[in-house]
There are 2 protein chains.
Amino acid sequence: LSGETADWRSLAHRTQFDGIHILKGRRAIRVDVAGRTVDAQLSETKLTTLSYDKLLLGTGAIPVWPAIHGVDVPGVFVLHTIGDSFAVREYLDAVNPRRAVIIGGGYIGLEMADALTRRGVEVTIASRTPTVLPTVDTEFGALVAEELKRNGVKVSTSVDAHAISLTQNTLRVFGSNDFELDCELVLLAVGVRPNTRLGLEAGLKVGAQGAFLTNRRMESGAPDVYVAGDCAETWHRLLKRHMYLPLGTTSHKQGRIAGENTMGGSSEFAGSLGTQVMKLFDLVIARTGLRHDEAAREAFQPFTVESVMNDHKAYYPGATQLRACVTGDRDTGKLLGAQLLGAWGAEVSKRLDVLATALYHGMGVAELSDLDLSYTPPLSSPWDPVQMAAQAWSAKLGTQAGLPARDFIKGR
Amino acid sequence: LSGETADWRSLAHRTQFDGIHILKGRRAIRVDVAGRTVDAQLSETKLTTLSYDKLLLGTGAIPVWPAIHGVDVPGVFVLHTIGDSFAVREYLDAVNPRRAVIIGGGYIGLEMADALTRRGVEVTIASRTPTVLPTVDTEFGALVAEELKRNGVKVSTSVDAHAISLTQNTLRVFGSNDFELDCELVLLAVGVRPNTRLGLEAGLKVGAQGAFLTNRRMESGAPDVYVAGDCAETWHRLLKRHMYLPLGTTSHKQGRIAGENTMGGSSEFAGSLGTQVMKLFDLVIARTGLRHDEAAREAFQPFTVESVMNDHKAYYPGATQLRACVTGDRDTGKLLGAQLLGAWGAEVSKRLDVLATALYHGMGVAELSDLDLSYTPPLSSPWDPVQMAAQAWSAKLGTQAGLPARDFIKGR
């Protein structure tokens, strides 16, 4: 929608599927688990029945349509499928809206604010949460809001949109806190929920958040039926339980595990850490593991330290500030989670991945200093910023505990 | 020397040393281990004797002056200390050389080629090895040479420089393979050797490559004498033995361990993986662990696969090619080492660090696909390139072994 990608066809992750036969134009409408068949609709009147040995349900998620009066008027869109984006693009081309309101301050809402701003549309984000991007700490969310404003996006937080009206060619959005704004385009981006109708009717079980239950082999519990992706729950590697955490990377992993197991393999999903990253204008924001508040709700004793460092040696041109938030457990010293925020080009995403890899292995925060990471002045420091952030965590924990310096250098 | 850093003072890693008292202008000339004293020279005629409880020798390395006839003529320099760089800079400012020959194709030689090219000097590298940057595979070295040539640097490999003559204001460098070239500046960058005189005279022991022996606590073996940095050997985490591998990151880690232990701690150096990165013009080249040939000389069964991938989704503007070389053990499936080469800005360095972190933990190559790494189209793919490279390794190993597809997806 920003116009940065010339051909939508290039958006497909893959177009060739070695050894996989794709049946197009058939909508699965019924699964008979006992009979091991799937009924698929070929047209409005024509059905076909497919037999299976193993079945994998990857029905994904569907966007949440919020309970807002008037979401069905023209000019109001959700964004989930390629088809949704075609509808928005056609509308953009036809109406050439000057102003847009995006309801929702999560990843999709923010990415759309970026895209529409690049097209020259005046964008306002109306977010229900007190800061945008609620998947990161509020301090980070506030910095994200600053980046939005720096690029001309208006941000209204703690706004519960409750109605949209259409008068002539103008949409008016009403919300809590006296929010009232005219525009020509409204995008709804308030999240997704698992698409489970087919499986539910076949007797599959879902969890508290409505996603298919599964084990780490991606077995649904129904005989020979596997589930994977945004319709299914996810094993969380740190919390050691299943939850609903729909992410593209997780879907790819679950699909691979389920695919192997349907073919007779015995793979287990290693678990998600909830690793996420987004680029917003010239900023990159990433997280992995648990935030302080998330860890505090679990059986952890979180301790969190924020650090600000240069991404590389200040004397080399182009150094930018990198902000890290490291959460570890005060009792065990283990890393629990981290957030990074910095400039696009400052290797924020793959620095976060060093922390995600550390988290995968259950490393202690202090142990991060033992990693043999790469250094050259244009790209880092002899201690990489992730190690400096870890050292700051250890130092602050030690100071708080009143320990002499040498007892906290390597953790308690 | 490139002029990119305005003030040389900013090159110092640190200028403040909490709780550390620095005695300047005193050259340690003698250590008496039995008497626990150090004699330091204050001036040509004045000595002072310092007593110690614990001694840490961090005497670093000194540049190798190659056995070349005429290295002592004006206009020939080594580059190791800040003082060396002042001498070169003064010469550059005074003589304004049009042409330079750099003898040595390692990190320093290449970085100086980059710096002098930026100053407008015509640079020729004369490297003894068949490709430049011999710390990476020859295929990568050839790509590095291409980057040099693209930026106007001439590259002469397999050249053993044996003489330098000065006629009027012109230096002539002679080498094997009929190498003969005129220039106004010669830089010698053929490596370093440990600076151990002080310790040797005090009775400390050195290993095969002349560096101080040490254990993982950085104890030298002499009572209460510790060693760290480029004067000492390094514990290699994969090879599980000490060797000489002088690197800035390692020195920082060893210094920290030695510092803690002199203060009564009991830290052990976790070991080096030989992780290195360099930026050369617009290219970044990094390595960690063992190359194929290095692994083959040890008790490993290396298997190596090279992959070329986009650094991020091709549909998002600015995607560049990333080249990965993954070496793993055919018998155990463990990762042994990796090299990455790609564009500056493609997060090459921190991608390598994900592999370095995996290597630290002894991960299997196939297990890399289990890592929950961050993804957004401008920065990666749902499988990060490091995971795609790992998957290519597993697939090729499986094909070679004649295994059916499903048996090699997760390794053998």
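Quick note: the coordinates plus some simple rules give every number you see, no bench work behind them. Here the structure is a predicted model, which means the values were calculated and not measured. All Cβ positions, glycine included, derive from the backbone under ideal geometry; neighbour counts span all protein chains shown.
The table for this structure:
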{"item": "Reciprocal of mean inverse Cα separation for the stretch B:8-60 (Kirkwood radius, Å)", "result": "13.1 Å"}
{"item": "Average partner coverage of B:265-274, which counts Cβ from other chains inside 10 Å", "result": "3"}
{"item": "Protection proxy ranking, peptides B:344-351, A:120-127, A:274-281, average beta carbon neighbours within 10 Å, highest first", "result": "B:344-351, A:274-281, A:120-127"}
{"item": "37 °C / 0.692 mPa s Stokes-Einstein diffusion coefficient of the stretch A:9-132, Kirkwood radius on C-alpha pairs, µm²/s", "result": "180 µm²/s"}
{"item": "Sequence-distant residues sharing a close amide H with A:Arg128 (under 5 Å, placed H)", "result": "A:Gly104, A:Gly105, A:Val159"}
{"item": "7 Å along Cα→Cβ, label-point gaps from B:Thr399 to other copies, nm, shortest first", "result": "5.6"}
{"item": "P(r) histogram, all alpha-carbon pairs of chain B included - 20 Å bins from 0, percent", "result": "23, 51, 25, 1"}
{"item": "Label-point gap, in nm, between A:Ala395 and A:Ser43 - each point 7 angstrom along Cα→Cβ", "result": "7.4 nm"}
{"item": "The stretch B:155-232: Rg to Rh, with Rh as the Kirkwood radius over Cα pairs", "result": "1.26"}
{"item": "Estimated D of the stretch A:292-412 in µm² per second, where Rh is the Kirkwood radius over Cα pairs and Stokes-Einstein applies at 25 °C, 0.890 mPa s", "result": "169 µm²/s"}
{"item": "Contour excess over end-to-end distance, with Cα ends at A:His69 and A:Met243 and 0.36 nm allotted per residue", "result": "59.5 nm"}
{"item": "Using a Förster distance of 35 Å, the FRET efficiency for A:His361-B:Leu23 (Cβ separation, nearest 0.05)", "result": "0.25"}
{"item": "Extension gain, A:Arg14 back to A:Thr332 (0.36 nm per residue minus Cα-Cα distance, nm)", "result": "110.2 nm"}
{"item": "Within-12-Å neighbourhood charge of B:Asp53 [Cβ basis; K, R +1; D, E -1]", "result": "+1"}
{"item": "Estimated vicinal HN-Hα couplings, Hz - the stretch B:191-202 in sequence order (Karplus 6.51, -1.76, 1.60; Gly, Pro = x)", "result": "x, 10, 9, x, 8, 10, 3, 4, x, 4, 5, 8"}
{"item": "Per-residue mean of C-beta atoms belonging to partner chains within 10 Å, peptide A:342-351", "result": "6"}
{"item": "Long-range HN-HN contacts of A:Ala163 with modeled amide H, under 5 Å", "result": "A:His69, A:Phe174"}
{"item": "Inverse mean reciprocal Cα-Cα distance (Kirkwood Rh) of the protein assembly as shown, Å", "result": "29.8 Å"}
{"item": "Radius of gyration, Dmax [the stretch A:224-356; alpha carbons; angstrom]", "result": "17.4, 60"}
{"item": "Rg to Rh, two decimals, where the stretch B:242-297 supplies the alpha carbon set and Rh follows Kirkwood", "result": "1.10"}
{"item": "Integer Hz, Karplus 6.51/-1.76/1.60 couplings in order for the stretch B:60-76, x for Gly and Pro", "result": "x, 10, 10, x, 7, 8, x, 7, 10, 5, x, 5, 8, 7, x, x, 10"}
{"item": "Teacher prompt: B:Ala208 distances to equivalent labels in other copies, 7 Å Cα→Cβ, nm", "result": "6.0"}
{"item": "Values of log10 I(q)/I(0), in the order q = 0.10 Å⁻¹, for the stretch A:89-226 under a Debye, Cα-only, solvent-free model", "result": "-0.46"}
{"item": "Shielding by partners - mean other protein chain Cβ count within 10 Å, residues of B:316-329", "result": "1"}
{"item": "Residues with amide H under 5 Å from that of A:Val192, placed H, sequence gap 5 or more", "result": "A:Val64"}
{"item": "For the stretch A:319-363, diffusion coefficient by Stokes-Einstein and Kirkwood Rh (Cα), 37 °C, 0.692 mPa s, µm²/s", "result": "294 µm²/s"}
{"item": "Compactness relative to 2.2 N^0.38 Å, alpha carbon Rg of the stretch B:94-140", "result": "1.22"}
